[in-house]
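The values are calculated or read from the model by the stated rules, or taken from the named source; none is laboratory data. The model shown is predicted, which means the values in this text are computed figures rather than measured ones. Please note: Cβ atoms are built from the backbone with ideal geometry, for glycine as well, and neighbour counts cover all protein chains shown. Please note that ligands, DNA and RNA were not included when accessible areas were found on the heavy atoms of the full protein model with its side chains. Shrake-Rupley method; radii C 1.70, N 1.55, O 1.52, S 1.80 Å.
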Amino acid sequence: MMEQLKSESTEKEFLGVVGKSVTRVDAWDKVTGRAQYIDDIPFPGCWYGGTVRSDVPRGKIVGIRQDPSFNWSKVVFVTAKDLPGPNEVAMVRCDMPILAEDIVNYVSEPIALVAAPTKALLKAALKAVKVEIEPLEPVLSIEEALEGKNVIWGDDNVLAKFEVKRGDVDEAFKEADIIIEETYRTGHQEQLYLEPQGMVALPRDDGGVEVVGSLQCPYYIHGAMTHALNLPPDKVVIKQAVTGGGFGGKEDFPSLLAIHAAVLALKVKRPVKIIYDRAEDMVSTTKRHPSKIRHRTGVKKDGTIVAQDIDLILDGGAYTTLSIVVLQRSLLHATGCYNIPNARILARAVATNTPPNGAFRGFGAPQSIFAMERQMDKIARTLGLSPIEVRRKNLLKSGDAFPFGQRVEDDGARLVFERALAISEYERKRTEYSKDQGPKRRGIGVSLFLHGGGFTGSGEQRINGKIKLRLTGDEVELYVSNVDMGQGAATVLAQIAAQGLKIPFEKVRYCPPDTSKAPDSGPTVASRTTMIVGKIVLRGTEKLIGRLKEHVSRYFDVSLEDIAYENGVFLENGTPLADFFDIARRIEGESGSLEVMGNYVHPQGLSWDDEKCQGDAYQGYAWGANVLEVEVDTDTWEVRPLRDTVVVDVGTAINPLLAVGQVEGGSLQGLGYGYLEVIEMEGGRYRNNRLSNYAIPTSVDCPDFFVELMEIPCSKGAFGAKGLGEMPLNGGGPAVAAAIEHATGLFANRLPVTGEVLTALEQKGDERRS
Ligand code: MTE
């Protein structure tokens, strides 16, 4: 169920295809089963690759033994010694080896690779390898990492550290009526894309290599491959196959997998395919960072916050991967949607002997927003105020500043909040549900959240994205390195290009990313594709129209200044000359296709200081409010989400139906994070590595969604779009904890809020609602 709202002020802009819910371009192939995922594509003569892994969290490799009774001549075996280049996966840092050489740092760390002509032989070969490891004492928690008894990374196990300050926190604490302190914890979360990780590498005659796979960031892999294989850029090609979900899990990890497949393919001199099964995928790939976040908040009796001191720690796992940037985003979202006049936020990511954590939808924000939203509920509970009152008192409004100095440009936080409260009938239901008697109790909880669209700080300038448009006689091909992984980028970017060119949507063809054809428009991360890459596409369309005008001027012998382009037609002083495809066909007949590039241009007036973590962190903020209703069985602690009202400001919704899909999907993933999804770790090992023992919400757990899109356009995004893909996940965790608190009276300070957590709260002395 869904409802939509479109503000009247933006209606005029929706005359073309932007703002229309056109059918997604991949819909037909996907529903008919025609879409080819990596394991569906035939590669004649292909061998199968597999990985020998560590079974201890930390240790010294003393020997790798190949069983002499196995016929090794039939397979190819690779250890770190056989690598053609540096044993490093180049990401933000180069601290992660391609294959562990002397030391292993997590259970499931790759140590050796095998390729075989059949799956059966591969299985037998993997069994015939024994790795001897002398165990070392591992570091398995944030506390152990900070204690520093065992140092596994740098001098102090700290992978990254940032600090942000605003005002004078210590002075402001003196003015507070009360200081409220609480520590919040969140666990791992598994991306659980439907299609596991998979890559095929094909050796080329010129010594280069081509990789086809399930991935989010073709040029990340391209950079990591050229580094690891010592190859020039033109000898490495990365192509995206239809990708069955990524959720961040196919952002950093595919670089390692692609290198593994390529190293084997270059040695076998044939295509090599590595496809993980679910268990291997779950134990060895990156997850959401667990967190420990301590809040100390100085508050006036009426709920006004005067100061806030936050100590935020993420567990990065064994290597850096993207922890530096995840931490930065976590820090920059740590005070949520509130105006905090005096703030001090210390953020650290630490190393532990657990599989490296990496990108996951939300990128550090779900952890810090959970802590902030729960702290707002804690303040309300402590002061005997309503959670709504406390939020209203402190909401960010236009002109207010975040602790890192950036000024807020709109009143989105207030607007989504009030609208969600109104349409969900929050106050009435809160009173009604409070009267529930018996074991089944209903509860209603609210969360308020935001998301900065695009890369943090100067990230977009560093990437300096480019796109290419290729005009043929009857269509425009769009080349970008941004993938469609289910979120709808192929459709939305084609809508933006069609609207920019004022041609029918069907005349634009999004071409799946291929680094030999598409320029680097950056990775498919940070909810940047629609907002930021869309804007680059628009620049390309302006350039293409400019080039066509030059041809029109020549063909019709008219002065360039007299030519206008309106609704797909070139005019001379108001008189129609030719339409877009008349000119396209003529150019094609004359000189073949025409190509133009679109370039990133950094918006004026935005500045960022990386060292001090100060300035304009993001080009625009999307806002969201979530009002969740649940039923809790207080005998069994079973939680049933009933209804979820989500109001989000996404700037202009390029394709409203896809946008609503993102909100529903992201919110559900956030609810799973909030009460269901538990990764059990024991001695550095994931214990539940299957779909049968890792629970995510299914259709049975799905509440009735009421989604409303509020559109407050952002001048920095394409047609006013803001980053949308990740934001809805940020609201699920705190909303479910708040709704469970209302139903039960128990205040959970950790996610997920499982039955065990609620039982522990009772045993600790928290009182149930009477
Ligand atoms: N939606 C689907 N269906 N599948 C996905 O893998 N990834 C999410 C989100 N929505 C994802 C998704 C993540 S991690 C990101 S960063 C954004 O989509 C990227 O979307 P955008 O850059 O196109 O906004």
So if I check each of ALA307, ALA262, which one is modelled with pLDDT of 95 or more, in a strand (DSSP E or B) and crowded, with 24+ Cβ neighbours inside 10 Å?
ALA307
Based on what the data block shows, is ILE696 in a loop (DSSP other than H, G, I, E, B), under 21 Å from the mean Cα position of the chain (by Cα) and either within 14 Å of the ligand (Cβ to nearest atom) or under 27 Å from ALA422 (Cα atoms) (or both)?
yes
In segment 427-476, the residues that are under 27 Å from LYS517 (Cβ atoms) and open to solvent by 10 Å² or more (accessible area, probe 1.4 Å)
PHE455, GLN461, ARG462, ILE463, ASN464, LYS466, LYS468, ARG470, THR472, ASP474, GLU475
In segment 215-242, anything open to solvent by 30 Å² or more (accessible area, probe 1.4 Å) and either in contact with a Leu (Cβ under 8 Å, 6 or more places away or on another chain) or within 16 Å of the ligand (Cβ to nearest atom) (or both) is listed as TYR219, TYR220, VAL242
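Identify all residues within segment 592-618 that are open to solvent by 10 Å² or more (accessible area, probe 1.4 Å) and in contact with a Phe, Trp or Tyr (Cβ under 7 Å, 6 or more places away or on another chain); write none if there are none.
Here is the first cut: in segment 592-618, the ones open to solvent by 10 Å² or more (accessible area, probe 1.4 Å) are 592-595, 597, 599-612, 614-616.
Listed by number, the residues that qualify are GLN614, GLY615, ASP616.
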Go through segment 619-664 and give me each residue that's within 16 Å of the ligand (Cβ to nearest atom), open to solvent by 10 Å² or more (accessible area, probe 1.4 Å) and part of a strand (DSSP E or B).
TYR621
The number of residues in segment 222-259 that are farther than 23 Å from TYR319 by Cβ and assigned to a helix (DSSP H, G or I) is 3
Quickly run through segment 34-58 and pick out the residues that are within 28 Å of ASP484 (Cβ to Cβ) and open to solvent by 60 Å² or more (accessible area, probe 1.4 Å).
ARG34, GLN36, TYR37, ASP39, ASP40, PRO42, PRO44, TYR48
Just to be sure I understand, how many residues within segment 343-380 are within 16 Å of the ligand (Cβ to nearest atom), closer than 19 Å to VAL164 by Cα and either of a type in the set (Gly, Ala, Ser) or surrounded by fewer than 24 Cβ atoms within 10 Å (Cβ to Cβ) (or both)?
2
In this structure, is THR320 over 24 Å from ASP616 (Cβ atoms), assigned to a strand (DSSP E or B) and either within 16 Å of the ligand (Cβ to nearest atom) or of a type in the set (Ser, Thr, Tyr) (or both)?
no
One residue from ILE324, ILE340 being open to solvent by 10 Å² or more (accessible area, probe 1.4 Å) and modelled with pLDDT of 95 or more:
ILE324
Quickly run through segment 200-214 and pick out the residues that are in contact with a helix residue (DSSP H, G or I) (Cβ under 6 Å, 6 or more places away or on another chain), surrounded by fewer than 21 Cβ atoms within 10 Å (Cβ to Cβ) and in a loop (DSSP other than H, G, I, E, B).
GLY208
What single numbered condition from (1) closer than 25 Å to THR645 by Cα; (2) basic (Lys, Arg); (3) at pLDDT 95 or above fails to hold for ARG769?
(3)
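Do we find that ASN689 is outside any loop (DSSP other than H, G, I, E, B), open to solvent by less than 40 Å² (accessible area, probe 1.4 Å) and either within 15 Å of SER447 (Cα to Cα) or not charged (D, E, K, R) (or both) in this structure? Explain how you work it out, then say what you get.
On the way: outside any loop (DSSP other than H, G, I, E, B): no; open to solvent by less than 40 Å² (accessible area, probe 1.4 Å): yes; either within 15 Å of SER447 (Cα to Cα) or not charged (D, E, K, R) (or both): yes.
Taking the combined requirement at face value, the residue does not satisfy it.
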Exactly one condition in (1) within 16 Å of the ligand (Cβ to nearest atom); (2) open to solvent by less than 20 Å² (accessible area, probe 1.4 Å) is false for PHE247; which is it?
(2)
Does any residue of segment 409-422 turn out to be among the hydrophobic types (A, V, I, L, M, F, W, C) and within 16 Å of the ligand (Cβ to nearest atom)?
no
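Every residue in segment 692-733 that is among the aliphatic types (A, V, I, L, M) and surrounded by fewer than 22 Cβ atoms within 10 Å (Cβ to Cβ), please.
Kept after step one, since they are among the aliphatic types (A, V, I, L, M), are these residues of segment 692-733: 695-696, 700, 707, 709-710, 712, 718, 721, 724, 727, 729.
Residues satisfying the conditions are ALA695, ILE696, VAL700.
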